[in-house]
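Here's the structure we're looking at; comments come further down.
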Amino acid sequence: MTFDDPIERRGTNCSKWDKMEQIYGVPAEEGLAMWVADMDFRPPQAVSDALRGMLDPGIFGYYGDDSGYRRAICWWMETRHGWQVDPSWIFTTHGLVNGTGMCVDAFTDPGDGVVLFTPVYHAFARVITSAGRRVVECPLVDEDGRYRMDFAAYDEILDGSEKLLVLCSPHNPGGRVWTREELEGVAAFAKRHDLVLVSDEIHHDLVYPGHTHTVMAHIDGIADRLVMMTATTKTFNIAGSHSGNVIIADESLRARFAARMAGLGLSPNSFGLVMAEAAYSPEGAAWVDDLMLYLDGNRKLFDAGINAIPGLRSMPLEATYLSWVDFSGTGMGREEFTARVEKAAKIAANHGPTFGTGGESFLRFNIATQRARVQEAVARLQDAFSDLQ
């Protein structure tokens with residue numbers, strides 16, 4: 001199997017391809033699905049083999065000993081990220097959107113503020129507002145096409161009613177890998193305002209050459225208010241397993257989270273555990289290394305094509321497979337440039353405003369697909385905006 005192998009996902013009850021026409025009006029047969037954040041690649045063979053091993057006995061009862069699964073997580077975090085995790089720190093949630101919701105439920109009360117550095121992954125705001133909490137936006141600064149944080153400005157925004165900060169690290173949709181100094185700034189900000197810090201690091205394995213992800217747990221002085229979130233799902237393209245990990249070193253925070261898990265009767269599904277254990281392996285590591293080389297080629301191809309169109313600018317990706325493209329230089333309103341992408345180019349991409357303040361002139365494109373599709377997308381976009389060239 002190579003990443004170039006064509007895989008037809010239409011008609012498989014696939015959200016990204018089968019709901020494209022319904023949501024974006026992009027025709028199913030001709031359209032290119034570049035919105036939902038999953039990949040058009042098969043996961044490592046070890047994952048499929050592990051699932052077949054579950055199928056052979058033909059019995060799907062309650063899952064028992066999860067110690068192998070926990071060991072796999074600990075092995076991965078230490079070998080890939082230099083982070084030593086105690087197995088007892090790990091909670092398994094139904095993905096990290098659920099993990100975020102659980103953190104909101106465990107560490108805040110209705111009416112409390114939850115801080116987001118926007119624009120940021122749209123599900124955060126949805127979960128926060130649905131839980132009756134308030135989203136407190138701290139806008140990122142777009143400085144020469146690269147996001148940075150402005151903590152002095154953020155200090156002025158907060159009023160003391162905030163209880164939680166959710167950080168996306170690496171950042172989605174901007175693709176930033178935050179530096180150690182920036183993460184130290186986040187930690188200081190959280191301490192200054194007495195915030196529990198939830199660090200969503202679901203993209204931490206998807207980092208391009210020349211950049212290094214720093215685990216927030218490596219930042220000194222933050223452990224007593226830190227909740228880490230990781231998952232196999234983005235890394236290995238197994239999002240349908242709905243499995244994620246909330247990892248809490250602090251005993252007091254861990255007890256509060258455990259109480260909410262118990263109160264809601266949550267427990268993981270066996271398929272997600274088996275897939276994650278198989279993925280967090282030497283075979284999985286080799287697969288990710290190959291994946292990132294392939295995605296790096298897609299990234300370079302897409303960026304070069306986009307940046308050749310006058311008025312369009314793709315933020316340089318340091319991590320993730322989600323390209324954040326700014327259309328403000330075209331002078332067009334959001335409706336016009338979006339229509340050109342969806343109706344002329346027949347591409348479904350995420351609308352920028354759903355990511356919060358700062359996303360108004362952007363669309364987010366998923367480049368984790370076969371390179372031929374990336375080439376086709378570039379050609380279509382260049383044609384759709386040909387009058388600018």
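For (1) under 19 Å from the mean Cα position of the chain (by Cα); (2) open to solvent by less than 60 Å² (accessible area, probe 1.4 Å); (3) under 22 Å from residue 225 (Cβ atoms), each residue gets a yes or a no:
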| position | (1), (2), (3) |
| --- | --- |
| 43 | yes, yes, no |
| 55 | no, no, no |
| 63 | no, no, no |
| 66 | no, yes, no |
| 74 | no, yes, no |
| 88 | no, no, yes |
| 98 | yes, yes, yes |
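The lone criterion from (1) under 20 Å from the mean Cα position of the chain (by Cα); (2) among the acidic types (Asp, Glu); (3) assigned to a helix (DSSP H, G or I) left unmet by residue 360 is number (3).
I'd like the residue in the stretch 344-357 that is outside any helix (DSSP H, G or I) and more than 23 Å from the chain's Cα centre (by Cα) and, out of all such residues, is surrounded by the most Cβ atoms within 10 Å (Cβ to Cβ). Write out each step before concluding.
From the stretch 344-357, those outside any helix (DSSP H, G or I) are 345-351, 356-357; that's our starting set.
Filter once more, so that each one left must be more than 23 Å from the chain's Cα centre (by Cα): 345-346.
Details: 345: 23, 346: 19.
Across the stretch 344-357, the extreme among qualifying residues is 345.
Report yes if residue 104 is touching a Cys at 6+ places or on another chain (Cβ under 6 Å), in contact (Cβ under 8 Å) with a residue 40 or more places away in the chain and either open to solvent by less than 20 Å² (accessible area, probe 1.4 Å) or not in a strand (DSSP E or B) (or both), otherwise no. No. Here residue 49 fulfils each of the conditions (1) part of a loop (DSSP other than H, G, I, E, B); (2) surrounded by fewer than 15 Cβ atoms within 10 Å (Cβ to Cβ); (3) of a type in the set (Asp, Glu) apart from (1). Among the residues of the stretch 1-11, those that are open to solvent by less than 80 Å² (accessible area, probe 1.4 Å) and either modelled with pLDDT of 95 or more or touching a helix residue (DSSP H, G or I) at 6+ places or on another chain (Cβ under 9 Å) (or both) comprise 2, 3, 9, 10, 11. Being open to solvent by less than 10 Å² (accessible area, probe 1.4 Å), at pLDDT 95 or above and not in a helix (DSSP H, G or I): is that true of residue 171 here? Yes; evaluated as a whole, the condition is true for this residue. Tell me yes or no: at least one residue of the stretch 179-193 is open to solvent by 20 Å² or more (accessible area, probe 1.4 Å), of a type in the set (Ser, Thr, Tyr), closer than 21 Å to residue 151 by Cβ and within 23 Å of the chain's Cα centre (by Cα). Yes, the stretch 179-193 contains a residue that is open to solvent by 20 Å² or more (accessible area, probe 1.4 Å), of a type in the set (Ser, Thr, Tyr), closer than 21 Å to residue 151 by Cβ and within 23 Å of the chain's Cα centre (by Cα). Within the stretch 1-41, count every residue that is assigned to a helix (DSSP H, G or I) and under 23 Å from the mean Cα position of the chain (by Cα). Adding up the residues that qualify gives 7. Among residues of the stretch 359-381 that are of a type in the set (Gly, Ala, Ser), those with a Cβ under 8 angstrom from a residue that is modelled with pLDDT under 95, sequence gap 6+ or separate chain, pair up as 372/4; 372/6.
Checking the stated criteria, residue 128 turns out not to satisfy the condition of being part of a loop (DSSP other than H, G, I, E, B), closer than 21 Å to residue 114 by Cα and in contact with a helix residue (DSSP H, G or I) (Cβ under 9 Å, 6 or more places away or on another chain). Sort through 372, 377 and tell me the only one that's crowded, with 23+ Cβ neighbours inside 10 Å and not in a loop (DSSP other than H, G, I, E, B). None of the others qualify; the one that does is 377. On the basis of being within 12 Å of the chain's Cα centre (by Cα) and at negative phi, does residue 159 make the cut? In short, no.
So that you can scan it fast, the table gives a plain yes or no per residue for (1) of a type in the set (A, V, I, L, M, F, W, C); (2) closer than 30 Å to residue 132 by Cα; (3) touching a residue at least 24 places away in the same chain (Cβ under 8 Å):
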| site | (1), (2), (3) |
| --- | --- |
| 153 | yes, yes, no |
| 162 | no, yes, yes |
| 172 | no, yes, yes |
| 177 | yes, no, yes |
| 192 | no, yes, yes |
| 199 | no, yes, yes |
| 214 | no, no, yes |
| 219 | yes, no, yes |
| 222 | yes, yes, yes |
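The lone criterion from (1) open to solvent by 60 Å² or more (accessible area, probe 1.4 Å); (2) in contact (Cβ under 8 Å) with a residue 60 or more places away in the chain; (3) touching a Pro at 6+ places or on another chain (Cβ under 8 Å) left unmet by residue 23 is number (3).
Of all residues in the stretch 131-160, count the ones that are in a loop (DSSP other than H, G, I, E, B) and either open to solvent by 70 Å² or more (accessible area, probe 1.4 Å) or not hydrophobic (A, V, I, L, M, F, W, C) (or both). Walk me through how you get there before you give the answer.
The first filter runs over the stretch 131-160 and keeps only residues in a loop (DSSP other than H, G, I, E, B), leaving 131-133, 140, 143-146, 149-150, 158-160.
When the remaining residues are screened for being either open to solvent by 70 Å² or more (accessible area, probe 1.4 Å) or not hydrophobic (A, V, I, L, M, F, W, C) (or both), the result is 132-133, 143-146, 150, 159-160.
Qualifying residue count for the region: 9.
The values are calculated or read from the model by the stated rules, or taken from the named source; none is laboratory data. Because the structure is predicted, anything quoted here is derived from the model rather than measured. Note that we place each Cβ from the backbone using ideal geometry, even for glycine, and neighbour counts take in every protein chain shown. Heads up: the accessible areas ignore ligands, DNA and RNA and are worked out on the full protein's heavy atoms, side chains in. Shrake-Rupley method; radii C 1.70, N 1.55, O 1.52, S 1.80 Å.
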